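Every number here is computed from the coordinates shown, using simple stated rules; none is lab data. Model, not experiment: these values are computed from the prediction. In this analysis, Cβ positions are derived from the backbone assuming ideal geometry, glycine residues included, and neighbour counts consider all displayed protein chains.
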Amino acid sequence: MRILVVGAGGVGSAVPAIAQRRSFFAHMTLADIAPERARGAVERLGEPDRFSAVQVDAGDRAALAALIRELRADAVLNACDPRFNEPIFGACHAAGVTYLDMAMTLSRPHPREPYRQPGVLLGELQLAAAEAWERAGQLALVGIGVEPGLSDVLARYAADHLFSRIEEIGVRDGADLRVEGYAFAPTFSIWTTIEECLNPPLVWERERGWFTTEPFSEPELFTFPEGIGAIECVNVEHEEVVLIPRWVACERVTFKYGLGRDFIDVLKTLHMLGLDATEPVRVPGGALVAPRDVVAAVLPDPATLGERMTGRTCAGTYVTGTGRDGRPRRTYLYHVVDNEWSMREYGAQAVVWQTALHPVIALELLATGVWRGVGVLGPEAFDAVPFLDLLAEYGAPHRMEDR
């Protein structure tokens, strides 16, 4: 397999560092609009025969398709933020290669009732193209990071092996990470964080289908394992709520994020001031600037925070229903990464490393033919066991806790 990774930010740069320890691919190219960023990540690996760096504009579909053909890539991993999904997705289809991403195309709130019903769903554009990808015999594996990604795999595993009937699949994310020297320093892209947290949260129920609520709704005190402890989690818009009901039989799907009260207050303030907006505004001097891009520019790059961070991040799927023995069951399947460990082993902070790990595992399963498919598919469309076996082989096994 020859792989092109588009985007050399924190996650994109961590992908080749993780893949370097595996032998399933022949060559991996890291591409970015800033060539020095891609070159720096590749040079740190010290294997010029297996890794290379190039420049590309992720928003230029024609240039991307030409690069894919020039590199003779078999698979493209989109490691850019979701604003660039459409051109990368389209370029892969045009070039006839496998596509993977870690976040799907953006939603648009309902124009009249944003907090009651959805407008355009996350990933709707991509899922609508499934038939075209099927006809072409191509695969687009969407949402294969940690959340979405591993969380979906864990849902599929629970349905296949632990439960006879599932009431709710609730993805629950929390951490006890601290960043020294910063009062506010998101550990993931602030652009994506704002998008997830301030959009109307999405919920799915079998009787109602998809519906939306107010941001930060349904607060719930959820106790995370391994000493992380109880954190207030709130509803957030996320791809799992779109993907899981398509392939896993259940009654309800939710996503709740353990943001913490201070973090929520900052996001509410950004929204109140209009600093979450993506449409450019004209500033003194005549320049057009998107307020959200300004916020991103003044905050520290999450990829650079690892040396200042301490603590752990936990991603998991909480499943309730009836177990295989006919008794009520509540099980949290989860994955914890300690920042000290990920920095020591890979030079990547915990949230970045955890996100980058899972598309590498998916690429290995595709390269070896263990996972096969055509169309536009989510992670839960595939057998979970080979994925979880490889996760353990990579030295980062998932865990399970009955409650």
Please go through segment 151-215 and write out the chymotrypsin sites (Phe, Trp or Tyr not before Pro) that DSSP classes as loop and that have at most 15 other C-beta atoms within 10 Å.
Y182, F184
Taking amide H positions as placed 1.01 Å from N in the peptide plane, with prolines and chain starts having none, which residues 5 or more places from A277, or on another chain, fall under 5 Å of its amide H?
R292
Placed amide H near A348: partners under 5 Å, 5+ positions off or other chain:
M343
Expressed in µm² per second, the diffusion coefficient of segment 251-403 from the Stokes-Einstein equation, with Rh the Kirkwood radius over alpha carbon pairs, at 10 °C and 1.306 mPa s, is 82 µm²/s
Most mobile of V142, V242, V179 per a Gaussian network model of the chain (Cα springs, under 10 Å)?
V179
Determine, from the Cβ-Cβ distance of V283 and E131 and an R0 of 45 Å, the FRET efficiency 1/(1 + (r/R0)^6), rounded to the nearest 0.05.
0.50
GNM flexibility winner over the chain from F224, F89, F24 (Cα, springs under 10 Å):
F24
In segment 99-137, chymotrypsin sites (Phe, Trp or Tyr not before Pro) in a DSSP loop with at most 14 other beta-carbon atoms within 10 Å
Y115
Reported to two decimal places, what Rg/Rh ratio describes the chain when computed on Cα atoms with Rh from the Kirkwood expression?
0.94
Values of log10 I(q)/I(0), in the order q = 0.18 Å⁻¹, for segment 338-382 under a Debye, Cα-only, solvent-free model:
-0.63
Determine how many Å³ per residue the convex hull of the Cα atoms of segment 1-126 encloses.
110 Å³
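Working out 0.36 nm times the residue gap between E168 and E340, then minus their Cα-Cα distance, what length gain in nm do you get to one decimal?
58.6 nm is the gain from fully extending E168 to E340.
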Expressed in µm² per second, the diffusion coefficient of segment 24-67 from the Stokes-Einstein equation, with Rh the Kirkwood radius over alpha carbon pairs, at 20 °C and 1.002 mPa s, is 195 µm²/s
Where in segment 332-369 is the amide nitrogen less than 15 Å from a point lying 7 Å along the Cα-to-Cβ axis of S23?
368
At 20 Å minimum axial length over the Cα atoms and a Kyte-Doolittle cut of 1.0, report the qualifying DSSP H helices in the chain, or say none.
350-367
Once exposed loop GluC sites (Glu not before Pro) are cut out (DSSP; at most 11 other Cβ, 10 Å), longest piece of the chain
208-403
How large is Rg over Rh for segment 150-350, taking Rg from the Cα atoms and Rh as the Kirkwood inverse mean of 1/r across Cα pairs?
1.02
